[in-house]
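Remarks on the structure that follows.
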Amino acid sequence: MLRAAAGDAGRAYKQQLIDLLDITPGQTALDAGCGPGTDLAALAERVGRDGKVIGVDRAPAMLAKARERSAELPVVEIREGDVHALPVAAESVDRAKMDRVLMHVDDPAAALAQLHHVTRPGAVIGLVEPDWDTLVVDSEDLDTSRAFTRYTTGHVVRNATIGRSLARLADQGGFHILTVVTTTPVFRDFQEADHTLGLGRNMQQAIDGNHIDQQRGRRWFTDLSEGQFYASFTLITVICSR
């Protein structure tokens, strides 16, 4: 997650998200599913010394990293909890973000209902999710690239196309849609793409599950590492109000 966020595309969409939240000094900002705390410092800078930033995550390793990263940020408070049951008081949050979290959860609608519960009327909420159906990997073997994307959406990611549904789900959850924007992370380095997109790992799983022929899948992966490389997918950002 840290490596993905540190890339050019990662920095660009995160900066865009923070800007669109329009955070002002003294506000309370929530990072629901804060992971290793990548965005906590940026949020703390926006709320200022009189504001508050709450980071929530359920994974012990992520919580430890987030606490380490925010140790010298007195306005940041890290809380252990699940996005389906946020440990945050009702109508106490002015700004909230949920970044690449809903694609993993059991019930995206329930998680959005929690955001609605803890945000104040007039609060601004930023949601970001990928649409893994848009994953493209350049290869002369186009059929295997397409099979890899189908395997990713059908077997690897729980809610693989949640990005395209964000605006609809937010609207159904009682939020008012303010804007929808897209970002396309582009990978030109094979090693970075393999690490971030799980090319080798997920291809091996597809082979083991008899979704892709072994010889064909291994040839596809090997060929990707030679010469020019290209892969991309679409991230959807939805900004809404309570």
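The values are calculated or read from the model by the stated rules, or taken from the named source; none is laboratory data. For clarity, every value in this text was computed on a predicted model and none was experimentally measured. Backbone-built Cβ (ideal geometry, glycine too); neighbour counts: all protein chains shown.
Quick look at the numbers
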| read-out | value |
| --- | --- |
| So ALA111, is it farther than 30 Å from ASP213 by Cα, in a helix (DSSP H, G or I) and not β-branched (Val, Ile, Thr) | yes |
| Lone qualifier among GLY122, GLY154, GLY55 - being touching a strand residue (DSSP E or B) at 6+ places or on another chain (Cβ under 6 Å) and either at negative phi or outside any helix (DSSP H, G or I) (or both) | GLY55 |
| Of all residues in segment 165-191 being closer than 30 Å to PHE221 by Cβ and of a type in the set (Ser, Thr, Tyr), the one that is modelled with the highest pLDDT | THR182 |
| Residue count for segment 218-242, restricted to those that are within 20 Å of ASP194 (Cβ to Cβ), in contact with a Phe, Trp or Tyr (Cβ under 8 Å, 6 or more places away or on another chain) and not aliphatic (A, V, I, L, M) | 6 |
| Scan of segment 1-14 for residues that are loosely packed, with under 14 Cβ neighbours inside 10 Å and either closer than 24 Å to PRO74 by Cβ or at pLDDT 95 or above (or both), ordered by number | LEU2 |
| Residue in segment 188-195 that is touching a residue at least 40 places away in the same chain (Cβ under 8 Å), surrounded by fewer than 16 Cβ atoms within 10 Å (Cβ to Cβ) and closer than 18 Å to GLY154 by Cβ present | no |
| Options ASP131, ASP194; residue that is of a type in the set (D, E, K, R), assigned to a helix (DSSP H, G or I) and either in contact with a Ser or Thr (Cβ under 9 Å, 6 or more places away or on another chain) or under 18 Å from ARG219 (Cα atoms) (or both) | ASP194 |
| Out of GLU77, GLU129, GLU68, sole residue that is under 23 Å from THR24 (Cβ atoms) and either of a type in the set (Asp, Glu) or touching a Gly at 6+ places or on another chain (Cβ under 8 Å) (or both) | GLU77 |
| Those residues of segment 162-186 which are over 22 Å from TYR230 (Cβ atoms) and not aliphatic (A, V, I, L, M), in sequence order | ARG164, SER165, ARG168, ASP171, GLN172, GLY173, GLY174, PHE175, HIS176, THR179 |
| Some residue of segment 206-228 being closer than 25 Å to LEU20 by Cα, not in a helix (DSSP H, G or I) and not aromatic (Phe, Trp, Tyr) | no |
| Failed item, numbered, when ALA44 is tested on (1) out of contact with any Gly (no Cβ under 9 Å at 6 or more places or on another chain); (2) in a helix (DSSP H, G or I) | (1) |
| Positions within segment 16-41 being under 20 Å from HIS104 (Cα atoms), assigned to a strand (DSSP E or B) and not hydrophobic (A, V, I, L, M, F, W, C), in sequence order | ASP31 |
| Tally of residues being surrounded by fewer than 19 Cβ atoms within 10 Å (Cβ to Cβ), aliphatic (A, V, I, L, M) and under 16 Å from ALA42 (Cα atoms) across segment 56-83 | 2 |
| Count of residues meeting criterion [assigned to a strand (DSSP E or B) and in contact with a Ser or Thr (Cβ under 8 Å, 6 or more places away or on another chain)] in segment 81-108 | 4 |
| Filtered residue count, segment 170-186, keeping only those that are within 17 Å of the chain's Cα centre (by Cα) and over 11 Å from CYS240 (Cα atoms) | 6 |
| Residue among GLU226, GLU140 that is out of contact with any His (no Cβ under 9 Å at 6 or more places or on another chain), over 29 Å from ASP106 (Cβ atoms), surrounded by fewer than 18 Cβ atoms within 10 Å (Cβ to Cβ) and modelled with pLDDT under 95 | GLU226 |
| Residues of segment 26-42 satisfying the condition of being surrounded by fewer than 23 Cβ atoms within 10 Å (Cβ to Cβ) and at positive phi | GLY26, GLY35 |
